[in-house]
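The values are calculated or read from the model by the stated rules, or taken from the named source; none is laboratory data. Just so it is clear, the model here is predicted, and its values are computed rather than measured. Positions of Cβ are backbone-derived with ideal geometry, glycine not excepted, and every protein chain shown enters the neighbour counts. Ligands, DNA and RNA are excluded from the accessible area calculation, which covers all protein heavy atoms including side chains. Shrake-Rupley method; radii C 1.70, N 1.55, O 1.52, S 1.80 Å.
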Amino acid sequence: MQTASRPFLFKECSELREILGEEAYDEKRLVELLETVPLDSIYFHTHSYFLRHSYVERVYPNDFAQWVAMEVRDHVLGERLAVVDPFDYGELDALRGQLISIIDDHLSRTPIVPRVMFGEPFYFNKSLIIQVPTRIEVRTLQEFRSALSEVEVSAIYFHVFEARHRLKHEESDFSAWIHDGLGMPDLAEKLRAINPYLGSLERVRSALLTVCDEFLNREHRP
Amino acid sequence: MAHELDEYRDHAPKGTVEFLYRLSDQVAGHSFLHISAGRYGGGMAEILRRLIPMLNTLGINARWEVLAGDQEFFQVSRRLANSLQGQDDYLTDQMQEAYLKINARTAQSLNLDADLVMVHDPPPAALIEHRKGGKWFWRCYLDIAKPRQHSWSFLRRFLVGYDAAIFSLPGFAHRLPIPQFLISPSIDPLSEKNRPMPRVEVNQVLSRLGIPRDKPILLQLARFEWFKDPLGAIRAYRLVRKHHNCRLVLAGSGVMHDPEGEAVLAQVHEAAAGDPDVHILQLPPEADVEINALQRAATIILQKSFKEGFSLAVTEAMWKGKPVIGSTAGGLAAQILDGVTGYTVHSVEGAAFRARHLLNNPGLLQRMGGAGREHVRRNFLVTRHLSDYLTLMRLFVTR
């Protein structure tokens, strides 16, 4: 079994949610505020969403799609926002631009501005995230797999979501270490192929474990 | 009784207890003072009773002090809370003086020295004028989104002196020149109200309350107030009853010395019109065992309220694996994931329609109940609350 010279240190994280005091009752106001709120707020409503729904999967995978579909009851825009994959955009600014462009296009084709009639307004928030080192260090794939199955779910969030968008890493911390530290490029490629934006953090954990198990079984085969 | 943090391993999400130990390493040794108007009654006191020992277990020097108010002060505080929540009420100059006098007296008698001080709700808010140091937070559990202007102006002058304000829902927040954070309330899975309860004990309690367990039970657990819409719950039950033989239980605290409660209760009895399948219960204070049993015996939880705080009663019922049909008032919209843990509805007819749908689909009842329990496990247990407070401490002690 390969052993990495540089261990992988698992880190968890904790989020405190800050209320920005901006709210939208209709889609026009939503897009206006999307243009002006800090990028941390875009991040909150498209990424840390997963931290808050780590187990239960909601119908729509970001707060914007969820709100227009479930509160405004505009299912057309809800569907269009739901398929925006944040991992297609390197920078949060580009993601913001895409969201604005979709809503603008939708409003240009809609004779009225859809608004909340009976539901809740959209409240803009942002995340404050702190790192919590675990002291769990691993050097082999087996150790990595065991730790991955046991760590608190925020570690999955920190190394997959936070690493890429907030810390501007090119890929998740997991695939980077598997590639550079453990020297297993094939496994790293398989881990990169898992789209974390589909489902809950527990589902991401499960997908990561499945891929690790495939490689571990291969190593154990005579 | 204070529970050891390790006892929560079987209830909180995997890895949570270890995570709390690690997170607390970053703030251990700091002092954290909590100040509230009272030590008993209400969700806030329940939460603090659990959180303070847990913080101490984690190496935080946590204290909880209460205001030494008199009868007049508590009447003033009640009027202040009512008007901040939009009721047509205000404080006279004399009332304001009484409020300030008790806060000043408390400031002299209490040791306010701490690295972090959290002041809970409006009664002790003016203590900020006597701060000696440390970071001060104002924790609000009330819906003050649409307060009466006079009372809001009075309170606001204190709030601007705090380092941050904390609300249970973003919709409860207000325009303030200080940071505002969102921390949901929580329930304790080990408390008498939420502990696992054997079926035989549930049956005994139900029998004592005079409720046979021969039919599905719809339960609305709420005070007898207009805002809770008990009459709407009865109308919804009647629509469900056309298709399903079921019972409705309306349970709330007693209404003695409460003119509104008495009036509502009288109308509820009139609307029930002697229907033997409608059970109207006035529960004594701290009826934790009864509430636990009722929630476990219920098939579906109704919460038809027009106005709500966070509604921890719904959280407790979801923790017991029950689907909830509720309005979108207050914390209900944050707790009910529509179509996943229950349904949010906007009318009596909507409540009846969803209840019928669930009663026709026992598998869905189970699935939604299970999803609700997991939703609470991840988001509304006291362990998550503790994590939020430790994170808040970590962010402010290093600022």
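At 222 nm, what helix-only mean residue ellipticity would chain A give, in deg cm²/dmol to the nearest 500, using -39500 (n - 2.57) for each DSSP H run of four or more?
Working: 11 runs with 99 residues, N = 222.
That calculation yields -12500 deg cm²/dmol at 222 nm.
Quick check: with the 1.4 Å probe, what order do B:R156, A:R205 take by accessible area, largest first? Each step should come with its number before you reach the end.
Values: B:R156 85, A:R205 10 Å².
Putting B:R156, A:R205 in descending order of accessible area: B:R156, A:R205.
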How far is helix B:230-241 tilted, in degrees, relative to the longest principal axis of the Cα atoms in chain B, given as a value from 0 to 90 rounded to the nearest 10? 30
Nearest 10 degrees, 0 to 90: what angle lies between the long axis of helix B:259-272 and the longest principal axis of chain B (Cα atoms)? 20
Taking the Cβ of B:N203 as the center, what net charge do the other residues with Cβ under 12 Å away carry, scoring Lys and Arg +1 and Asp and Glu -1? +2
Can you tally the net charge around B:A28? Count Lys and Arg as +1, Asp and Glu as -1, for every other residue whose Cβ sits under 13 Å from the Cβ of B:A28. 0
Could you work out the equivalent-ellipsoid semi-axes for the protein assembly as shown, taking the square root of 5 times each eigenvalue of the Cα gyration tensor, largest first, in whole Å? 40, 31, 26
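Could you work out [θ]222 nm for chain B from helices alone, using -39500 (n - 2.57) per DSSP H run of at least four and dividing by all its residues? Round to the nearest 500 deg cm²/dmol.
Values: 14 runs with 174 residues, N = 399.
Calculated mean residue ellipticity at 222 nm is -13500 deg cm²/dmol.
For chain A, take the convex hull of the Cα atoms, compute a quarter of its surface area, and give me that in nm², please.
12.6
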May I ask you to compute the full-extension gain from B:E72 to B:N360, defined as 0.36 nm times their residue separation minus their alpha-carbon distance, rounded to one decimal in nm? 98.3 nm
Explain nothing, just compute: Karplus ³J(HN,Hα) = 6.51 cos²θ - 1.76 cosθ + 1.60, θ = phi - 60°, for every residue of segment B:148-161 in order, whole Hz, x for Gly and Pro. 6, 4, 4, 6, 5, 4, 4, 6, 4, 5, 7, 4, 5, x
Enter the buried accessible area of the B/A pair, total of both sides, probe 1.4 Å, in Å² rounded to the nearest 100. 3100
List for segment A:147-162: residues with 40 Å² or greater reduction in accessible area, all protein chains versus chain alone, probe 1.4 Å? A:E152
Under a Gaussian network model of chain A whose springs join Cα atoms within less than 10 Å, the largest fluctuation of A:A94, A:A155, A:A24 belongs to A:A94
With the contact rule set at Cα under 8 Å and sequence spacing of 6 or more, what percent relative contact order holds for chain A? 35
Heavy atoms of B:E7 accessible to a 1.4 Å probe, total area in Å² rounded to 10: 80
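Of B:K193/B:K322; B:K193/B:K320; B:K215/B:K304, which pairs sit farther than 19 Å apart, going by alpha carbon to alpha carbon? Intermediate results must be reported in sequence, preceding the final value.
Details: B:K193/B:K322 15 Å; B:K193/B:K320 10 Å; B:K215/B:K304 21 Å.
Table pairs above 19 Å Cα-Cα are B:K215/B:K304.
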Going by alpha carbons, how many degrees (0 to 90, nearest 10) lie between the helix axis of A:201-220 and the longest principal axis of chain A? 20
What is the distance in Å between the Cα centres of segment B:210-256 and segment B:11-84? 33
Report the Rg/Rh value for segment B:263-393, based on alpha-carbon coordinates and the Kirkwood definition of Rh. 1.00
